[in-house]
Amino acid sequence: MTAHVISISGITKDFPDVRALDNLNLQVSPGVFGLIGPNGAGKTTLIRILLGLVKPSAGRARILGHDVAKDSLRLRKRIGVLHEDPAFPKELKVLDYLEIVAKIYDSEKEPRRLLEMVDLSYAKNRKIGDLSAGMCQRLGIAQALIGNPELVILDEPTSNLDVIGRNEVLELIVKMHRDLGVSFFIASHILSELERTCHSVAFIHQGKIIEQGNVMDVIKKHTEGKFRIRTSDSELLVSALNDIHYLEAADATGPTTITVTIDPHKIELLKAEIEKVAKSLGINIYGVEPAYALEDAFKEMLHNA
Amino acid sequence: MHSRYKSVVALVKLEFACTYRFPILEIMCAFILYIVYMAGAMMSFSFTVYIGRYPSWNGTAPAENLINFFEGTSKFALGNMLYGLMTPLVIIIPLLTALSIAKCFEDRTVHTLLTYPVRRSTLIGVKAILVVIVSGTITTVASVAVLSLFFPQEITANEALLLIVAIWLQILLLVSVASLFSILTKRVSVAALGTIGFWYSFQTLVTMSSVQGAVLYVMSPLIAVATTIWNAEVAPSPVDLPLFLIQSMILGLALLVISLVLFEKSDV
């Protein structure tokens, strides 16, 4: 078995007016992996390079031991893919399309069972053009799984879905990994979902990987001593907090949120102080909580990048 | 069945469901049949006007003329029909090729299809070859039907065979050029109109130039064969004609290969 399902070394991609990827290195182990980055960070370009749709300006990548540039055909037999905002032939019926894809893969997998798995059986005779965005996404997952893949690459798999649809997709991913041992490479900017689903993550920013590791380790590393204060006026409160000497840092991270860095032992002291300051300023404090989430770690990293 | 053939069969099925769906194929059949039939029947209309203006009262003349028309219509009518065949082909083939190839770039289904275990060249090759086979079959059937209906005495078996070869080569050339335009532009309208415009501009320029003969006959094998069957004043010699047809085939295949290589090498 290959130690890494994906191994990327020194990938650079230059477009006429921008460098999308800059000497990017990444190793992905089997499991559910999340690639996190803001829009325009290079996630989709990286996926297109991995799929052989775009050629890199420099560097090389291997998936499941296959060189993506030289051995793309054999590689594609072993992976499944769902693009961001996927496009399927609108004229075809759902079941007919899956049957054709199964033949392309020469797969024994039964399309009807896959439709049941993604809860799309009721729409099997509908034309793809008549499906909602969420149904299309589920069809996309079904077609990605039809070739019995060892690795599934998903680009923003929940971007068109409502909350319930997102949960269903994430549960499906976890179930596929648990029951079938399929590895997933998920590119997304919805961090709360990746935090719930992934074993390890990497942060991409301006075409470079700025952090990589186990989800809990990454969160711990970048959120230690961080607390979030919810208030009615973050700008006013943050200027008042600058006078507190034991506070290491205080930043307004939103119109109603402040993230502070402090020795965790002094948090009760800070809470009392904040109440006093807020009263004198005439603003409300809605809560103080540990900033212990992937989103907080991501913001911290972007702040430092 | 070998898995590669299975995937090609699946791609053909996909292509028929997407590009040749109702009513595209039906309209195409009707249009080609209509144009070929009308071009062949033109002499029939002339004949009707003729007896209307100058009636012959000797009793049997109109009937004789009618029989003459069906049994021995002049080569002019035949040549007219063969030339007339170019018009629907030059319009339909680029449109169909662009609908098949450029459309999958335009609606981004090519991204999805290229994540499946299919070679890029197979994907585009299947699309291009299907256009050749479908339109070639329809045009051949239409032409043979009209020839046997209107010109049973005017064309020999060899000439008919030559004509069918020319039809297929003409379609191959048009598909190759349209494939190249589709891959370069990735837009249905630009690819279709570009190919039609290119074809008419090319013919106009070549007709005006001094080298018109060879270049025109290689690029338009249908015209080369039509002028030969028609016995036109300017027609390729019987010795040169097979050479022109072979060159047409080489050119068509070369352009198709260039399209496939271009697609293999380019970013999608």
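A short reminder: the numbers here are calculations on the coordinates, not readings from a lab. Since the model is a prediction, treat every value here as computed from it, not as a measurement. Heads up, the Cβs are rebuilt from the backbone with ideal geometry, glycines too, and the neighbour counts pull from every protein chain shown.
Annotations
- Rounded if a/c under 1.5, otherwise prolate or oblate - segment B:140-231, Cα gyration tensor axes: oblate
- Between A:E275, A:E193, A:E168, the Gaussian network model of chain A with springs among Cα atoms under 10 angstrom shows the greatest mean-square fluctuation at A:E275.
- When the helices of the protein assembly as shown are scored as -39500 (n - 2.57) per DSSP H run of n ≥ 4 and the total is divided over every residue, the value at 222 nm lands at -18500 deg cm²/dmol.
- Other protein chain Cβ atoms within 10 Å, averaged over every residue that makes up A:51-57: 3
- Neighbourhood charge, 11 Å Cβ-Cβ cut-off, centred on B:S3 and excluding it, Lys, Arg +1 and Asp, Glu -1: +3
- Segment A:34-121 - convex hull of alpha carbons, volume per residue in Å³: 145
- Calculated FRET efficiency, A:V163 to A:L247, Cβ-Cβ distance, R0 = 41 Å: about 0.70 to the nearest 0.05.
- Within segment A:197-305: Cβ-based charge dipole about Cα centre, in debye rounded to nearest 20 (Lys, Arg +1; Asp, Glu -1): 120
- Angle of helix A:163-180 to the longest C-alpha principal axis of chain A, folded into 0 to 90 degrees and rounded to 10: 60°.
- GNM top mover of A:H177, A:H222, A:H265 - chain A, alpha-carbon springs below 10 Å: A:H265
- Neighbours of A:P89 by Cβ distance under 12 Å: Lys/Arg scored +1, Asp/Glu scored -1, total +3.
- With both labels modelled 7 Å from their Cα along Cα-to-Cβ, the B:V261 to B:R108 distance reads 3.2 nm.
- Max mean-square fluctuation residue, GNM over chain A, Cα-Cα springs under 10 Å, options A:L170, A:L92, A:L191: A:L92
- Rounded to the nearest 20, the Cβ-based charge dipole of chain A about its Cα centre (Lys and Arg +1, Asp and Glu -1) stands at 1080 debye.
- Counted by Cβ distance under 10 Å from A:I63, the other residues give a net charge of 0, where Lys and Arg count +1 and Asp and Glu count -1.
- Residues listed by number, segment B:230-254, amide nitrogen under 20 Å from B:F202 label point at 7 Å toward C-beta: B:236, B:241-254
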